[in-house]
1. Please express the Cα-Cα pair-distance distribution P(r) of chain A as a list of whole percents, one per 5 Å bin, running from 0 to the bin with the greatest distance.
2. Cα centroids of region B:135-169 and region A:1-76: how far apart, whole angstrom?
3. Most exposed first by the Cβ proxy, i.e. fewest other Cβ within 10 Å, how do B:Thr53, A:Thr95, B:Thr232 rank?
4. What GluC sites (Glu not before Pro) does region A:80-184 have in DSSP loop regions with at most 13 other beta carbons within 10 Å?
5. For region B:104-161, what log10 I(q)/I(0) values come out of the Debye formula at q = 0.28 1/Å, with one point per alpha carbon and no solvent?
6. Any idea how far apart B:Ala97 and A:Ala173 come out in nm if each label point goes 7 Å out from Cα toward Cβ?
7. May I ask for the longest run of chain B untouched by GluC sites (Glu not before Pro) that are loop-located per DSSP and have at most 15 neighbouring C-beta atoms (other than their own) within 10 Å?
8. Restricting things to alpha carbons, find the Rg to Rh ratio for region B:220-264 using the Kirkwood radius for Rh.
Amino acid sequence: MTEENSIYQGAEAKIIKTMCLGYPVVEKRRLKKSYRIQEIDTRLIASRTKEEAKLMAAARKQGVCVPIIFDVDIQQGIITMEYIEGNRIKDIYNTLSKQKRLKLCRDIGESIGRLHMGDIIHGDITTSNMIVYEGRIHFIDFGLGEINHEVEAKGVDLHVLMEAMESTHSRFANEFKYVLEGYKRTYIKNPKEVEGKIQEIVQRGRYR
Amino acid sequence: MITLGIEGTAHSIGIGIVKGRNDSCSVLSNMIRTYRPEKGGIHPREAANHHVTYIAELIKEALQQAHIPAQDVDLISFSQGPGLGPCLRTAATAARALSLKLHKPIIGVNHCVAHLEIGRGVLPECTDPVLLYTSGANTQVIAFAEGKYRVFGETLDIGIGNCLDKFGRSLQMPFPSGPRIEQLAKKSTNYLELPYSVKGMDIAFSGLLTAAIHYHKNNKPLGDICYSLQETAFAALTEITERAMAHTEKQQVLLGGGVAANQRLRDMVSIMANERGARFFVPEKSLCVDNGAMIAWLGYIMYQSGVRMEIDDTIINQRFRTDQVEVIWRD
Ligand SMILES: Nc1ncnc2c1ncn2[C@@H]1O[C@H](COP(=O)(O)OP(=O)(O)O)[C@@H](O)[C@H]1O
Ligand SMILES: [Mg+2]
């Protein structure tokens, strides 16, 4: 038995840090919910675990850094993946120099552009779901993601980040435009349409 | 201070009279009359005609039951939106007439915010909840954040109440079908798979509705379908509510809206709250459904915080968004 400690607990999953084959890993364990019947619980946990692992593999193919997957237990709802050292962007963004922030924003945008080139919608691009390690941005938490080629889905995906920056890094909210700058470097399908869609979503006036 | 509230956003017309002292609410009377279409859904004009027919009588009854002469009312409040235009106009017109006749101030309030504030008003320990608001047309998860009530999640197509009613209607059940579906669901524990549609903190019901109707066409037992429909829809509602609680880091959850009367939904949300170590609240049924008391109560707290309106400010707003309200009474 290796020691394990829970480093995070959200609404849906628990993150446990442990060892696997001599490597430091995290287990993302989806939690059983006793408010829903067994049939629904089992089905949701299995399909979401499978979907998340699939999207992580797809993201890697697009050249985006994601943790290496060691094991997926669909029945138990556990993904065992590489532990990424380093810092969540959420925790460091506000402390960076302007120059570093802008570079980081462009890099974030480039990575999102690569995901979208593969029609990979992350579903929850916030600064707590990106970890910087050795200068590279690693994306985690594809649990709300999907494969979708539509402009709407891509617009919503970017809009989530825009709002996350507005609420978590409000002093630098206007720096989202550098994310778009990076995005346009790698997302060469229809960047104008996606950008227009973001504006449209802003007009609709929803909040998250 | 005594406030008379007029609710008229959809199929119900309600008159409530509340007495406010600081931040505690006592409901003196709360009369509701509901328009029930012969068949089909609500026709806004017909609903408004219904409201016009009963509103004067209902005001009289509410005053009588509260043992209050009209002159003792200090403030008139009404539902300014969101809702069906003709219904909103009826409520607003009655409110303006009363305000002019009694020479008392008038305030228009947001219906969705009223569903949340009434919970805080009558349940003293419910101070900062995430509200799961489930009615016919509306399904929203609302909480206070950064100075406003914000919608964190909502239905992307139809409200949960409409989903239940449409299912019932396709089977010729009387309107509203929710209570009947709840009874039938109790007879089964056999789950038939139905689409579960949650996207982040949003939710959708139309796929579920179509699949449930399909099961009925294929002669699956009605009890099984009702059971599966409730289990699926309510699990999804509970999930988005929990997400919003985690996101906003709130430790209280409140139910509101007509579907909050459903015992299975209450049980699910209460189990979820327990597992999170959070508190669960639900007001009595007459304060969950669309009602005048909640409108009166919100009018009162707005007035107390200094909000004043002239007749010109009382134009209805069918698309009155929850986050358009300046919440100056909370910090
Ligand atoms: N592979 C990983 N390496 C390091 N930390 C991780 C890893 N995966 C998750 N974490 C940590 O756990 C937190 C929650 O994980 P996440 O997958 O985002 O779950 P949730 O869906 O609950 O947000 C992250 O914000 C991060 O701090
Ligand atoms: Mg996360």
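1. That works out to 1, 7, 15, 19, 18, 16, 12, 7, 3, 1, 0, in percent per bin.
2. For region B:135-169 versus region A:1-76, the Cα centre distance is 30 Å.
3. So the ranking, lowest neighbour count to highest, is A:Thr95, B:Thr53, B:Thr232.
4. Numbers: sites: A:Glu82, A:Glu85, A:Glu110, A:Glu134, A:Glu146, A:Glu150, A:Glu152, A:Glu163, A:Glu166, A:Glu175, A:Glu181; in loops: A:Glu85, A:Glu134, A:Glu150.
In loop regions of region A:80-184 (DSSP not H, G, I, E or B), the sparsely surrounded GluC sites (Glu not before Pro) are A:Glu85, A:Glu134, A:Glu150.
5. -1.19
6. Placing both labels 7 Å beyond Cα along the Cβ direction yields 4.4 nm.
7. No qualifying site falls inside B:39-124, the longest such stretch.
8. 1.09
Computed from the coordinates by the stated procedures, all read-outs in this text should not be read as laboratory data. Keep in mind that this is a model prediction, so the values were computed, not measured. Here the Cβ is made from the backbone with ideal geometry for all residues, glycine too, and neighbour counts use every protein chain on show.
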